[in-house]
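Colleague: For reference, the structure I am asking about is given below.
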Number of protein chains: 2
Amino acid sequence: MKKQLHILAFAGSLRKDSYNRKVLSLACNSLPEGTSYEIFELNDIPLFNEDVEALGFPESVAAFRQKIQKADALVIACPEYNSSITGVLKNALDWASRSENKQPNPLIKKPVAILGVGERGGTSRAQYHLRQVLNHLNMYVINKPEILISIKSEKTFDEKGNLMDEFAINLIKKLLTSLIDFTYQMRK
Amino acid sequence: MKKQLHILAFAGSLRKDSYNRKVLSLACNSLPEGTSYEIFELNDIPLFNEDVEALGFPESVAAFRQKIQKADALVIACPEYNSSITGVLKNALDWASRSENKQPNPLIKKPVAILGVGERGGTSRAQYHLRQVLNHLNMYVINKPEILISIKSEKTFDEKGNLMDEFAINLIKKLLTSLIDFTYQMRK
């Protein structure tokens with residue numbers, strides 16, 4: 001029997017009704033049995049400042065880092081702002097990546113899956129920037145399938161913002177299966 | 001006689017003794033006569049949140065946007081964190097780029113020069129991400145010379161963190177000359 005896996009998920013948008021947060025919730029609800037998850041909110045992570053860090057990690061940052069450390073894998077919802085990842089997401093990763101204060105960088109060698117909802121390109125440009133950052137951090141980024149969901153496509157979302165596109169929903173399930181299979185594989 | 005130009009400058013690092021901030025100060029002090037400047041601090045810019053924006057721009061954001069609007073050109077010091085631009089810088093640009101609340105995006109068609117201080121690559125990867133973002137924003141990014149200053153090179157900085165490399169100092173002057181010539185050219 002497979003061991004229990006725990007997933008930490010977070011979205012790069014703080015907007016309450018963000019499509020990316022909704023699709024992240026849907027993804028987490030699609031995780032197979034034997035998998036637990038938590039969605040972490042980035043609202044309380046302050047702007048990164050090395051002078052602040054020198055006094056110790058702020059409480060929200062310490063909590064975020066600890067939850068990453070304890071998770072077996074991550075899922076990141078990656079909105080696209082101005083052809084790149086959001087400042088909010090990059091700032092959270094900047095804090096998480098630090099190996100100061102005698103604490104190791106908890107992101108290293110963590111499996112991670114990416115999904116995104118955006119305009120025409122479906123966050124493809126942001127996701128390439130994000131992949132470069134996560135590669136730099138020596139994380140195991142799941143390559144395929146890519147989840148590039150366009151808000152503007154007809155029938156993708158219903159009026160309440162729920163993802164209705166069966167093709168996209170199935171792709172998300174495939175991505176999560178890849179993430180979980182990879183994570184178990186790395187444990188062997 | 002040339003008209004007066006005003007430059008707004010900001011750095012993507014909040015650390016007080018940041019090399020990028022020091023080099024930005026040096027650059028601003030090297031501006032030719034007939035040019036005024038202000039260095040804007042990004043410390044008070046909150047995390048971007050569309051729900052907050054819907055209530056109106058926060059005071060610090062409104063001030064930042066107004067100063068961009070009034071400036072003839074920008075200079076950005078671009079540190080590199082995790083192979084990309086800092087969350088702090090991207091977050092500030094995300095706020096500045098918005099065209100909600102009946103206020104136009106003040107970044108559009110603004111001339112901008114980039115410089116950076118970093119480890120081996122001298123922020124080259126971050127600067128490419130930044131250029132993509134600024135191109136998306138339809139800003140006029142000065143192409144050459146590129147200012148990629150390596151902290152680790154011997155004799156680049158003195159013990160107090162002052163830039164000592166005459167070659168780099170001259171390159172910065174050339175960059176600013178390019179920025180100013182271009183800005184005047186666009187006014188014709």
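Colleague: Here are some conditions: (1) over 30 Å from B:THR156 (Cα atoms); (2) away from every other protein chain (no Cβ under 14 Å). B:ILE45 meets all but one. Which one does it not meet?
Modeller: That leaves (2) as the condition not met.
Colleague: Further, regarding this structure: Hey, can you tell me all the residues within region A:175-188 that are farther than 17 Å from A:ALA9 by Cβ and at pLDDT 90 or above?
Modeller: A:ASP181, A:TYR184, A:GLN185, A:MET186, listed by residue number.
Colleague: Determine whether A:ALA71 is closer than 15 Å to A:ILE172 by Cβ, surrounded by 18 or more Cβ atoms within 10 Å (Cβ to Cβ) and among the small types (Gly, Ala, Ser).
Modeller: So A:ALA71 does not fit the description; no.
Colleague: Okay, moving on. So is A:SER97 within 14 Å of chain B (Cβ to nearest Cβ), free of Cβ contacts under 8 Å to residues at least 60 places away in the same chain, out of contact with any Asp or Glu (no Cβ under 8 Å at 6 or more places or on another chain) and at positive phi or not?
Modeller: Against the criterion (within 14 Å of chain B (Cβ to nearest Cβ), free of Cβ contacts under 8 Å to residues at least 60 places away in the same chain, out of contact with any Asp or Glu (no Cβ under 8 Å at 6 or more places or on another chain) and at positive phi), A:SER97 does not qualify.
Colleague: Here is a further query. With respect to A:VAL112, determine if the residue is within 23 Å of B:LEU14 (Cβ to Cβ), within 14 Å of another protein chain (Cβ to nearest Cβ) and among the β-branched types (Val, Ile, Thr). Give the derivation first.
Modeller: Values: within 23 Å of B:LEU14 (Cβ to Cβ): no; within 14 Å of another protein chain (Cβ to nearest Cβ): yes; among the β-branched types (Val, Ile, Thr): yes.
Against the criterion (within 23 Å of B:LEU14 (Cβ to Cβ), within 14 Å of another protein chain (Cβ to nearest Cβ) and among the β-branched types (Val, Ile, Thr)), A:VAL112 does not qualify.
Colleague: While we're here: Mind counting the residues in region B:125-142 that are closer than 18 Å to A:GLN132 by Cα, surrounded by fewer than 22 Cβ atoms within 10 Å (Cβ to Cβ) and in contact (Cβ under 8 Å) with a residue 12 or more places away in the chain?
Modeller: 2
Colleague: Next question, about the same structure. I need the full set of residues from region B:5-23 which are more than 14 Å from every other protein chain (Cβ to nearest Cβ) and touching a Phe, Trp or Tyr at 6+ places or on another chain (Cβ under 8 Å), in order please.
Modeller: B:LEU5, B:HIS6, B:ILE7, B:LEU8, B:ALA9
Colleague: Related question: Counting only residues that are acidic (Asp, Glu) and under 21 Å from B:LYS16 (Cα atoms), which one in region B:146-188 is surrounded by the fewest Cβ atoms within 10 Å (Cβ to Cβ)?
Modeller: Once the filter is applied, the top-ranked residue is B:GLU159.
Colleague: Residues in region A:83-94: is at least one more than 11 Å from chain B (Cβ to nearest Cβ) and touching a strand residue (DSSP E or B) at 6+ places or on another chain (Cβ under 7 Å)?
Modeller: Scanning region A:83-94 turns up no residue that is more than 11 Å from chain B (Cβ to nearest Cβ) and touching a strand residue (DSSP E or B) at 6+ places or on another chain (Cβ under 7 Å).
Colleague: Right, next: Looking at region A:122-163, which of the residues that are part of a strand (DSSP E or B) and away from every other protein chain (no Cβ under 14 Å) is nearest to A:ASP94 (Cα to Cα)? So that I can check it myself, show each step before the final result.
Modeller: Restricting attention to region A:122-163, the residues satisfying the condition of being part of a strand (DSSP E or B) are A:140-141, A:148-150, A:157, A:163.
With away from every other protein chain (no Cβ under 14 Å) added as a condition, the list becomes A:140, A:148-150, A:157, A:163.
Numbers: A:TYR140: 17, A:LEU148: 24, A:ILE149: 26, A:SER150: 27, A:PHE157: 32, A:LEU163: 30 Å.
It comes out as A:TYR140.
Colleague: Continuing with this model, one more query. For a quick check of your reading: which strands (runs of 3 or more DSSP E) sit entirely within region B:1-98 and have at least 1 residues that are charged (D, E, K, R), modelled with pLDDT of 95 or more and in contact with a Cys (Cβ under 9 Å, 6 or more places away or on another chain)?
Modeller: The qualifying strands (runs of 3 or more DSSP E) are B:35-40.
Colleague: Considering A:GLY122, A:GLY116, which residue is modelled with pLDDT under 95, buried (at least 19 other Cβ atoms within 10 Å of the Cβ) and either within 25 Å of A:ILE180 (Cβ to Cβ) or among the polar types (S, T, N, Q) (or both)?
Modeller: Just one listed residue meets the conditions, A:GLY122.
The values are calculated or read from the model by the stated rules, or taken from the named source; none is laboratory data. Bear in mind that the values here come from a model prediction, so they are computed numbers and not experimental data. No Cβ is skipped: glycine too gets one built from the backbone with ideal geometry, and neighbour counts run over all protein chains shown.
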